[in-house]
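Enquirer: The structure follows.
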Amino acid sequence: MADDAQHEHTFESVSAGASDTTPTQCSALRKNGYVCMGKEDRPCKIVEMSTSKTGKHGHAKVHLTGIDIFTGKKYDELSPSTHPMKVPEVTRKEYTLLDISRDNFLSLMDEAGNTKDDIELKDGEVKDKITKLFIDQGKDTNVVILTSMGMQVATEAKEAPQGLKYVSEAQLLVISKAGLEPEGQIVGEDEADWGTQGRIVRKKVERIREKTQKVYRGPRAFRLFVQAYQFILWKQCYILIHEKDLPPELWTIIRDLWTLRLSKLLHRLESPDRVGSESQILSSGEERDEDHTRRVSKRVIGSPKLIETLALCYMGILLLRLPVRLQDLYRWAKEEHILYIRAIRGVPIDIQEKLPGEYHKALDTTVMLQPQDLHGAVSDLGNLYYRAFGLLLPPLNYEILLYRYITYLALPLEIFPAVQGLAQLTRSDFRYSITKEIRREQGSAFPEVELMSLLVVAVKLFYPVDDAQRRPQSLHEPATHQMDWISWKRRRQDLAKEPPGTRLVWGSEIDVRDTDVFKMSQQELDSYMNWYQKTWVKEPRPGLEDSVNKDILDMFSLHSLEPSGKLRSMQCEHELEEAAIHRALSTTHSLEFQRPITDDEIGDQEANIKRPGEEYKSYRSEEELPDVVKVFFRAAAETACTSVKNLILAVLQAEAKMTTWKRAKRRAEVTGHEFDLDAEMRGRAASRMEMHVPQEMEATNIRSNLVQREESEENSDVDMQMISS
């Protein structure tokens, strides 16, 4: 029992089945082979084997002694020579060690470049050797993994062999005299020796070790990664200042923010101990975490992600109160005005060669950047700076951003004061939240989305997309003009289409699929291949070209690329500005005036005249949106750098706040108490923010004298007439 307990271990399991063993006659077994022994059929290596003479029953006995290949436990077994025994399939594979996670799991890579992260490092001789080679001495280490019968374990660790090259005796003589390594010159025959005959002398080939290009490991590799990361951030700031004409003070702000960020990484830059510490394997795939903000800060402190470079730039823009949308930053990254897609391209080649594979992946884009991920990165990073350094991001400069929203969406400028009034009504400060739990499914958790939701509500109030005619009471109301939504939709779709045969739209190259190629024109194919050349084709390094490949590539020479840098940025910005102005002018020309009708004109007549805000419609999913409304929501979501789903949620939350304001005001009129909207928002309105609660439901604690007054309005979804007035 004690011996069993001593050898009791747990091993990582892989898929096991009947194919893991093969039935073999006992007499066919050989020493140093493998066989299953014991009651549990443990895979063992045969260390001793002897066969007795044939007995009176005609069967020889085979005595086997085996050692468990996983636990080292010794087994002895006596079996008839003709008895079938199970022979396990044992595989031995060597991997390159990349890293050790904080929970002591090995990160390995095979010769094909495939990674393996499911081997746990157990205490023992192998762990001590890995610690000595990989951590203490910083050497490249190979680990041998033994796999059998659904189990796998690290059985050996050794220093990775260096590359070998073959050198002739003549080259060795040159090396010994000059003390130099041969440069691989091609040596031809001397014409004077032509036709000479004699015996053939074969030159001996010697092997000498050549030190391969060193790849950094441990804290040294992380320091190099941070330098590469900082270089990418510097390039992004350079483009923003010199090509996007942002003020030079932006670099000072971003540099200070990055300095604070580095202060949280000092323990990883200086600590030599890697066992049990936090893993340094990074990922560029953007996380969608829904934990509390205190967990967000803990996660962000761990390691800088590539998306945080854009988040740092946007935080600097916020601190300078610049009128730059998050959508602008997202578009610049997608259209490659600033370095983000395959950002590893911007890192000097000498640094790239010394970075291990996991850090290459961290600086590359394996998935396309999503707008909602960019909002989340800014929110997470803002929470980190607030909790670690007390730095609170300022609110949006929303007046200028609102003007840009209205211009881009080609809406009447009369909607501007209406949105300002709704912002005061809902107590919106357009600031990234640092006190409540961040929930990514809540659309209004991000300030630009919250601002766009108020703009959408104002449009639905004063320019509804339906056939009903709503007459204002005075000329001061925005509803005195009505929009022709059909013309608005047609003009927007026309401007979004590129003329046939022209180049691809900037930024659309990364979305091209294999089936799209058959529909492309010659100009579009050229545009796509130019983008592919710039993104994926490596530039040749002087002195390192392969002569054969160079001759082949010279037959298919690459043409000069289309204009880049500031010229391309100016072209794109000029095109966008022209399109926005054209849309705005077209909308202004299509506005229709309608004469207001006052209450005195109606008199006692029972005229069925609707006012702005009546028959207000709410939408809870994208499927409910009518055709023109869907086009408008998609344009609004794109402008606010979010999805249609999140914009609908934000609009519902804004409508819930307005409904709470309306009922709180009525309660104050009836009871005579002071109107306190903030208390309403903190109380009953907090539960209404959850979209699971129907908006038509009344709170149970409304006073009885209000019930009768509100019964007549129970049938309408949201009564917005008083809000619009």
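Enquirer: Please state the shape class of segment 365-425: rounded when a/c is under 1.5, otherwise prolate if a/b exceeds b/c and oblate if not, all from the C-alpha gyration tensor.
Expert: Oblate, because a/c is 1.5 or more while a/b does not exceed b/c.
Enquirer: How many nm separate the modelled label positions at ASP118 and ARG30, each set 7 Å beyond the Cα in the direction of the Cβ?
Expert: About 3.3 nm, to one decimal.
Enquirer: Still on this model: Just want the ordering: TYR314, TYR385, from fewest to most Cβ atoms lying within 10 Å of their own Cβ.
Expert: TYR385, TYR314
Enquirer: Still on this model: Taking Cα pairs under 8 Å and at least six residues apart, what relative contact order does segment 91-159 come out at, in percent?
Expert: RCO, segment 91-159: 32 percent.
Enquirer: Highest first, please rank the peptides 30-40, 653-663 by the mean number of other Cβ atoms sitting within 10 Å of their residues.
Expert: Ranked by mean Cβ neighbours within 10 Å, highest first: 653-663, 30-40.
Enquirer: Sort THR639, THR82 by Cβ crowding within 10 Å, fewest neighbours at the top.
Expert: THR82, THR639
Enquirer: Still on this model: Express in nm, to one decimal, how much length is gained between GLU249 and LEU262 on full extension, taking 0.36 nm for each residue of separation and deducting their alpha carbon distance.
Expert: Difference between extended and current length: 2.7 nm.
Enquirer: Cut-off is 10 Å between beta-carbons; in what order do ARG261, ARG268, ARG342, ARG513 appear when sorted fewest neighbours first?
Expert: Least crowded to most crowded, the residues run ARG513, ARG342, ARG268, ARG261.
Enquirer: Find how much the distance from PHE389 to LYS354 grows on full extension, using 0.36 nm per residue of separation minus their present alpha carbon separation; answer in nm with one decimal.
Expert: Value of the extension gain: 9.3 nm.
Enquirer: Please tell me which of these pairs span more than 23 angstrom C-alpha to C-alpha: LYS93/LYS139; LYS139/LYS305; LYS116/LYS264; LYS235/LYS305; LYS334/LYS361; LYS630/LYS665?
Expert: Those over the limit are LYS139/LYS305; LYS116/LYS264; LYS630/LYS665.
Enquirer: So how much slack lies between ASP484 and GLU669, counting 0.36 nm per residue of separation and subtracting their Cα-Cα distance, in nm?
Expert: 62.7 nm
Readers should treat all values here as calculations from the given coordinates under stated rules, not as data from a laboratory. If you're wondering where the values come from, they're calculated on a predicted model, not measured in any experiment. Because the Cβ atoms are built from the backbone with ideal geometry, glycine has one as well, and the counts that use them run over all protein chains shown.
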